[in-house]
């Protein structure tokens, strides 16, 4: 089913003239259940990344006729809905590849943390982002980090709306 989900994401992005590998990776990251996310995504230069997802993306880029075939395979309706809403949100809010990467990084760090305190969260982001090689994140001011965290809430709300 993963290949059909990736094909569906690629198709939706292509339909909106938004296709970029980073968008596919981050949408797959955001719509994946938490347990799957932890199993297949690792911290990488542009945020959470899955080598397996990347292999499917590259395969489909080389065999584009399979996108239409695979996207028609069984995908749960609620998952299609989440993907559609997220792609529409990215288009409507003009979220760049850099923005979606930053949002995924903050989400990754939030999922690794149990702190609710903003001051502690900012400290955690600055420390962990250095360890993970996310230097641009470590250089952000506290208010910028909290602003990204608030934007992330919008994405989470979009994904979980009418779930």
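The values are calculated or read from the model by the stated rules, or taken from the named source; none is laboratory data. Computed from a predicted structure; not experimentally measured. Here the Cβ positions follow ideal geometry from the backbone for every residue, glycine too, while neighbour counts run over all protein chains shown.
Assorted remarks:
- A single member of 43, 48 is surrounded by 22 or more Cβ atoms within 10 Å (Cβ to Cβ) and within 16 Å of residue 103 (Cα to Cα), and it is 48.
- Boolean, residue 19 is outside any loop (DSSP other than H, G, I, E, B) and at pLDDT 95 or above: no
- Selection from segment 41-68 of residues that are out of contact with any helix residue (DSSP H, G or I) (no Cβ under 8 Å at 6 or more places or on another chain) and touching a residue at least 60 places away in the same chain (Cβ under 8 Å): 45
- Residues in segment 153-163 that are over 20 Å from residue 43 (Cα atoms) and not in a loop (DSSP other than H, G, I, E, B): 153, 154, 157, 158, 159, 160.
- Applying the criterion of being at pLDDT below 95 and under 21 Å from residue 84 (Cβ atoms) to the residues of segment 35-57, the residue that is nearest to the chain's Cα centre (by Cα) is 37.
- Within the option set 100, 95, 90, being buried (at least 16 other Cβ atoms within 10 Å of the Cβ), without any contact (Cβ under 8 Å) to a residue 12 or more places away in the chain, under 21 Å from residue 20 (Cβ atoms) and within 18 Å of the chain's Cα centre (by Cα) holds for one residue only, 95.
- Failed item in (1) modelled with pLDDT under 95; (2) surrounded by fewer than 19 Cβ atoms within 10 Å (Cβ to Cβ); (3) within 11 Å of the chain's Cα centre (by Cα), with residue 32 passing the rest: (2)
- Counting only helices (runs of 4 or more DSSP H) wholly contained in segment 35-139, the ones carrying 3 or more residues that are under 17 Å from residue 14 (Cα atoms) occupy 51-62, 65-70, 77-92.
- Residue 137 at pLDDT below 95, within 14 Å of the chain's Cα centre (by Cα) and closer than 21 Å to residue 44 by Cβ: no
- Residue within segment 144-152 that is part of a loop (DSSP other than H, G, I, E, B), buried (at least 17 other Cβ atoms within 10 Å of the Cβ) and modelled with pLDDT of 90 or more present: no
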